[in-house]
Every structure is written in C-alpha cells, then in structure tokens.
Amino acid sequence: MGFWTGLGFTLLISAFLILPVLVSVLPGITANQFEGLSSGLTTRWLREVWANYGGTVLLSLQIALSTLVITLLVGVPAAYVLARHAGVTARLVEEALVMPVAVPGIATALGLILAYGAVGDLRASWLFILVGHVVFCLPFMVRAVLAVLLSMDLKGLEEAARACGASWPQRFLGVILPNIAGGMLAGSLMVVTLSLGEFNMTLLLHTPFTRTLPVGLADAYTALRTEMASAYTLIFFVLIVPLLSAMQWAAGRADRVGAVR
Amino acid sequence: MSVAIKLRGCGKTWPGGTVALHPLDLDIAAGETLVLLGPSGCGKTTLLRLIAGLELPDAGGQVLFDGEDVTRLPIERRNVGMVFQSYALFPNMDVAGNIGYGLRVRGIPRAEVARRVDEMLEMTRLTEFARRRVDALSGGQRQRVALARAIAPRPRVLLLDEPLSALDARLREELRQEIDALLRSLGITAIYVTHDQAEAMALSDRICAMERGRIAQIGTGRDLYHRPANDFVAGFVGDTNRLGEELVRPEQLALHPSAEGEWTVQRATFLGPFVRVKLRDAAGRELMVDMPDLATPAPGARVEVRRRGPA
Amino acid sequence: MSDRLRAALLIAPALAVFGAFFLIPLGQLAVAGGAGGYTTILTEPRYLRSLGVTLLVAALTTAITLGIATAVGLFLARNRFPGRGTLLALLTLPLAFPGVVVGYLVIMLAGRQGLVSEISMALGGERIVFAYSLAGLLLGYVYFSIPRTLLTVIAAAEKLDPRLEEAARSLGASPLGVLRDVLLPGLSPALTAAGAICFATATGAFGTAFALASRIDVLPMVIYTEFTLQANLAVAAALSFLLGLATWAVLALARGASGGAAG
Ligand SMILES: Nc1ncnc2c1ncn2[C@@H]1O[C@H](COP(=O)(O)OP(=O)(O)O)[C@@H](O)[C@H]1O
Ligand SMILES: [Mg+2]
C-alpha cells in the first residue's frame, strides 16, 4: 500500500467518523434548518432543550461523579491487591471482576430489576441507576490502575518504603497512590465518559423521574423535531468531547512515562 | 546505636519446596562489616532479607538484635537501613524527598528533617542534585541516593544487597571506596551482599562465604584466601594450584630458568600488573605462576618453581 | 495486621459489589427464565431468527471493522507526517460515543433527510435512504467499533519488529507477501483480541438499533420489547441470560486463542 493510497483511505475513514458529528449538530444551531446556515445561527433550540431536558444533564453528571467516587474507592484497593498477589485465587478474582464488561448491559439491567426492583423505593431512586453504572464501570477503573501497578516495581518500592520505616497507610498514601496517579486519572476519565453515555442498562433501569442524558436523547430522537434533537446532541458532545480529548491526552502521557521507565 | 546480630537455626524453604537456606547460626558483632559472598542463587539475598525482616525464617529460626528476639518484628519496626539491588527510589519524589522519607514517616519535625537531609546530601556529594527527579540521575548518583536514604534515619544496622552490581567497573571501584569510608566513619553494623570477591575483600571485616544455602566459611579475607575451608571457597576467592594436598596461589610461586627444570613454559599472558605463566611437567600436571613483567620466559623454556618467602 | 487480612479487607468491597449487583442478579436472571422461557425461545423460530441476525450483524461488523482498522492502523503506525496526531485524535474521538447517539448520527447521514439523501437528490439521482436497513445498522456498529479496534491495532503494529519486514523484503518478498507472511501473523493476537471485543460489543449493542427504530430485530431489541411491551418476563430473562452467556463465551474463547491479550 503506497503512502498516498494509505493517506487517502485514512482520510476517508476520518471523514466517515467526523462528518456525521458535524452534520448532526448543525441543525441545532441553525435558525432554519431547511435554509441552512445562511438563515443565521441561533441559541433558541439549545435554550428550549435546556428548559425541557436540563434535568437529564444534571442527573447524568450527578450519577457520573458518584460512580467515579465509588469506583475509585472500591477499584483502586482492589487493583492494588490484584497487583500484589500472584496466586491462582487472585487471577480468578481478577477474571470475575471484569466479567460485567463482557455481559450485555440489558442482561445485567434485567437481572438487577429482578433482584432488587421490589426492594423498598430503590426502583424509583437514582441510586438504582448508580448501582448499574458502578457494576459496569468498575472493571475499567480496576484495569486502568492495575496496568500502571504492573508496569512499575510495586514490590520493590513497597519494600523500600518499609525499610524506611513506613507503616502500610504511610506507604500506600505516600508512595503507591502518587505513583499510580496517572492510571487513576485515565480510569477516572474512562469511567465518567462511560457513565455519561451509558444507555444499554439505563434504558431499563430508569423511571420517568430518573431520566439520564442518553435516555433523554433517545426520547428526543423519536419524539422531537430535528432542531431540538440536534441541539440536545450538541449539548451531549460539549460534555463528552473534552472528556474524550483529555482521555487521549492522558493515554499519550502514560505511554511516554512508560517509555522513560 | 549499632547492634550485635545473632541468627539461631534460621532456614528458609520457599512454598514451592526450594530450600534457599539450610538452618544456620550466624553471629555479627556490633559495628562490624560482614560481607555475604557467594555465587548467584546461593541464598545471600534470602539471608539478608531474613535479617531485614522482609522474610520470616522457617519454624524454629530466630533473629536476635542485641539479644532481643525480633524474628516476628516486620522490617518497618526493626529500624534497619536497606539498599536494594535495583535501588527502588521513589519516582514521585525528588532526591531530597527520597533521602528525607524515612525521617518524615517517623514524624520528625520538618526543620530537623531538612537539616539531616542537607547533611546527607553533603556526605554523599549530592547537594546540587537535591531537587532533581530521580529518573534524571546517573546510575552512580542513584546509588548514592539509595545509600543516603538508607542511613538518614540512623538505623541500627545497614543492609546492602549487591549495591554496585548495576554499575560499570570504574564507577564500582570509586563507589566501593566511598562506601568503605562511610561504613568506617559511621561505625554501624553492616551486612553487605556481593558475588565479587575483590569487593568482599576490600570492604569486609569478615566474610561469610556461602554455598548452596549453607555457610561454607566465615573469617577475614586473609583467612579465606590463605586458609580456605574447602575447594569451593578456595576457588571462589582466587585461582589456585594444587600441590599434592596443598593449595598454593599463583603469586606465591616464583620461576627460575634452569636447563634441568622439571617444568616447561606453555604460555605467558600479559595481564597488566603481572604476567601469568602456564607451566606443564612431563607427567602432564599444570601450574599457574604470576610474576612481574621482567625477564618473562618464552614458551618452551624450562624452569624450576620455588615457593616465595614471606614478603 | 497480617498481609492476608489486609488484602482480604481491601478487595472485599469490590467483591461485594460484584456479588451483590452482578452475580446475584445474573443468578436471578438464569432462574427467572424458567423451563417455560427457555422452551419458548428454543421453539419459536422468531427468537432463533433474531439470534441468527444478531450474530450475523456482529460477525459482519467485526469483519468490516477489522479490515478498516488494520489498513488504517498499519498506515498510521508506520508513517510519520504532519497532521498525523490530529488524524489519530479524530479517528479515536468517538471512542465512547453511546450507541444511541451513533444511531442518530446514522440517521443524519443516511436517513430520509440525511446527507447522503440530499447529495443523491442534488446530483439528480434517486433519494438514497438506507439508515433503517441492515446497511444502516452495520454502518452504526462499524462506526462505534472503529476507534477502540484501531487503538489496539496501532499499539500492536508499533510493537512489531521492523527488522522482520526488512528481512522479508531483502529476501525478495512482494508487498503483499510481506503483509501475508509478516504483518498479519504478527498482528494476529491483537486482531483476535480486538475482534472479540468488537463482536461482544456488537451482540450486546442496543442504543443504535433503538435510535434507528430499525427493521432489523437484533436480540437486545427483542429483549427490550418482550420486557416492556409484552411484559413477558420469562422470555426476556431467558434471552438475556443466553445472550450474556454467549457473549462472555466468545470473549473467553478469543482470550484463550490470543494468549491473554483479549478482554
Ligand atoms: N520469592 C521466592 N520464591 C521462590 N524461590 C525463591 C524466591 N526468592 C529466591 N528464591 C530461590 O531461592 C534461592 C536463593 O535465592 P537468593 O537468596 O536470591 O540467592 P542470591 O541472592 O544468592 O543470588 C534461589 O534458588 C532462588 O531461585
Ligand atoms: Mg541476590
């Protein structure tokens, strides 16, 4: 494959990925979508969407941040244990912990409804969605942190800290956490992004009072005018694209740091 | 401040069944520098880690610091300093941060920590690198940071696991002298692991030669060199000739050209400080003799061999 | 505290989350199908057809995505040129776009008032609309599969030893020969891994089909319909459990084949 053929094909695929994004958000800021951009730009659709669907954005942010906090608190210690232990048990646990990624969200969601749908008011609460997001996102946090832990001399650093007299909390907070910050950042960006966009589970888990951003989007796609759907999609992109860019940046940085070590 | 260390019946069997150490006793005097010497895999690191508190001995083994049983005391409470083969410097801290770590975790006031870190930086000639990231240091500098970090909290005993093995020969020699001077000035009990007999000779008060999980001999460098307990020790600390029952070092022999000499020169190899001459007699026995590069005999020459008098 | 006890305490929350919110629900799901549920899905051709379609869509998606990702990935891994970084950023931007948004993108591209339709009209041709057909669904699935697969391929291609290729060239191999004998075998563990994830994601994907209101009945859509519209819990549960099991098995198999690189 010659350079120019390769470049041409690559450009074509890039266009395939990017063009629809541009085409999709354009009606959301165009005064009259049938006349096109010449009719001028407007924030009217954005304001209307925000008035009707602003709540879904806030709920999604609330769920994403809660998911992040929980996956950090639960996932980082788990990754640490998995990195420190080489035995068969640890590998089985690791295998188990990443299983939720491999099972379609709709199956997990249905299971959650069967198991806990009738427990108190849980079904009606946003916490029900949070549970689903935690289950789905936890493996990504564990993996991101585990990858960094395995790439460094964890045992050596910990022994060195012990030799200096550090207790376990001292070495965990002072030596281990600072050295896995990159992995935690990558995992966090991933978790927030996935939670903000999670639809496969959330469609079953939500109620009319707990609609998230993607659920609202699905609703808008079937029920609303193109301008509104586009404006709504634009809001979603404004939230998610910076996160994705940050993720690429963090991954690139991790690669460079890895290359130095 | 420095302690006397006793090991009693300390063995180590790994879960897989590998016996890294057969139960052994060892006495190390306060302030002494003991070198653990032996080939790779003979159990030096394991023994050092038992003393450090990074491993537990098999049931029945005991580690005593000044008579106090510390067997079950983990390393973080033993007050030992340790220099690891890979250095294991903390990448998230700069040079000064690494050196001061042991002081900070002990809750020592900041001003005191800063003073002690400055002192350590000066002692190890690292002052200008205080704020340098550790991954931007050369091998020798990293080694000195590891050393400074280990001694900054004034440990009771200093443990060093092949601290120079990652460095090139010149630097190794230079740092060996620095470490030697440091250990003498600190007067600390030190246990130093190496597989390099020259390093062992240069640094040790006593050497503990190890062979396959056992102590082969303990003594001064001279003891091991001149009165090796067995062939293994003899061969490990230098080249030897066997004369009947006796072991003789090549430099303890001298050549004298003589037409009736029973030995024939096979080969003379110039090695810088001396020439190593290989000899053979009619019965096919071989002998190595080291001599100054003066009047070196040519191959084929006949010579007599005599033992040198005490220098 | 002993090391073991500490390890147990540290991993306990993760295991609790896994047990309570994944294992138990999946167990309930397996049971809720009941004999009736499983019998129904095995006897009614509709469900089996849907399973077949789902697997077909997933397989086609995987094949197309792997083809594109290999070509683009090899190109990007082996060429350095101004703008490469930007191109890579654009290609991986949709990494975590939810399927439902991708469905909308397909509508805007190939729907009734989509870009393709407008262009084909402007060129004086027929109005081309394929968003709601198998082609539209595939387009969407390929769209969200490309970024992740591409990243895996590039990472693997950059690890390939360039000397192998040079050696093959020096022995007179043609470019195609190099691709067949050196590049593809070297990439194959990564391709297996990426393909498995692509396949699993595609079987479980739901948002795209939902947004497209596609005429293609993929299994997740059927499950959703059975559960919400028909209130047919037993069938929905049985289908979900089988779908979960099948997806997980594909990943596990591929992981075995690629020597642990997958998943
Ligand atoms: N953590 C371990 N698990 C199992 N075997 C080990 C472990 N550490 C060392 N060994 C084995 O114990 C023996 C002694 O090792 P070591 O003390 O590291 O030797 P040295 O430091 O003299 O090279 C070797 O056979 C080594 O393979
Ligand atoms: Mg060793």
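Worth a mention:
- Unmet requirement for C:SER120, which otherwise passes all of (1) in contact with an Asp or Glu (Cβ under 9 Å, 6 or more places away or on another chain); (2) in contact (Cβ under 8 Å) with a residue 12 or more places away in the chain: (2)
Every residue, every condition in (1) surrounded by 19 or more Cβ atoms within 10 Å (Cβ to Cβ); (2) at pLDDT 95 or above, yes or no:
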{"site": "A:VAL119", "(1), (2)": "no, no"}
{"site": "A:LEU130", "(1), (2)": "yes, yes"}
{"site": "A:HIS133", "(1), (2)": "yes, yes"}
{"site": "A:LEU138", "(1), (2)": "yes, yes"}
{"site": "A:ARG143", "(1), (2)": "yes, no"}
{"site": "A:GLU159", "(1), (2)": "yes, yes"}
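- When the residues of region B:70-86 are filtered to those that are more than 8 Å from every other protein chain (Cβ to nearest Cβ) and under 15 Å from A:ALA161 (Cβ atoms), the one that is surrounded by the fewest Cβ atoms within 10 Å (Cβ to Cβ) is B:ARG78.
- Helices (runs of 4 or more DSSP H) enclosed by region C:179-263 - at least 3 residues per element that are in contact (Cβ under 8 Å) with a residue 12 or more places away in the chain and among the small types (Gly, Ala, Ser): C:184-204, C:207-212, C:233-257
- Qualifying helices (runs of 4 or more DSSP H) (wholly inside region A:160-256; at least 3 residues being within 30 Å of B:ARG78 (Cα to Cα)): A:168-171
- The residues of region C:69-86 that are open to solvent by less than 30 Å² (accessible area, probe 1.4 Å) and of a type in the set (Gly, Ala, Ser), listed by number, are C:ALA69, C:ALA71, C:GLY73, C:ALA77.
- Enumeration of residues in region B:32-69 that are away from ligand 1 (no atom under 15 Å from the Cβ) and within 14 Å of chain A (Cβ to nearest Cβ): B:GLY53
- When each of A:ALA78, A:ALA96 is tested for being part of a helix (DSSP H, G or I), surrounded by 24 or more Cβ atoms within 10 Å (Cβ to Cβ) and facing chain C (nearest Cβ under 9 Å), the lone residue that passes is A:ALA78.
- Counted as qualifying within region B:203-311 are the strands (runs of 3 or more DSSP E) with 3 or more residues that are open to solvent by less than 70 Å² (accessible area, probe 1.4 Å) and under 30 Å from B:LEU47 (Cα atoms), namely B:206-211, B:214-219.
- Region B:163-175: number of residues that are farther than 16 Å from A:GLU159 by Cα and within 14 Å of ligand 1 (Cβ to nearest atom): 1
- Of the criteria (1) within 16 Å of ligand 2 (Cβ to nearest atom); (2) more than 9 Å from chain A (Cβ to nearest Cβ), which one B:THR127 fails: (1)
- Whichever residue in region B:87-119 is open to solvent by 50 Å² or more (accessible area, probe 1.4 Å) and within 9 Å of another protein chain (Cβ to nearest Cβ) and, among such residues, is farthest from B:GLY11 (Cα to Cα): B:ASN92
- Count of region C:3-28 residues which are basic (Lys, Arg) and open to solvent by 40 Å² or more (accessible area, probe 1.4 Å): 1
- Filter pass, B:ALA52 being within 16 Å of ligand 2 (Cβ to nearest atom) and either on the phi < 0 side of the Ramachandran plot or in contact (Cβ under 8 Å) with a residue 60 or more places away in the chain (or both): yes
- Selected residue [assigned to a helix (DSSP H, G or I) and over 22 Å from C:ALA238 (Cβ atoms)] from A:LEU150, A:LEU114: A:LEU150
- Exclusive hit being buried (at least 23 other Cβ atoms within 10 Å of the Cβ) and under 25 Å from C:ARG148 (Cβ atoms), set C:ALA89, C:ALA63, C:ALA110: C:ALA110
The values are calculated or read from the model by the stated rules, or taken from the named source; none is laboratory data. From a predicted model like this one, the values you see are computed outputs, not experimental measurements. Cβ sites come from the backbone with ideal geometry, for glycine too, and all protein chains shown count toward neighbours. These accessible areas exclude ligands, DNA and RNA; they are computed on the full protein's heavy atoms, side chains included. Shrake-Rupley method; radii C 1.70, N 1.55, O 1.52, S 1.80 Å.
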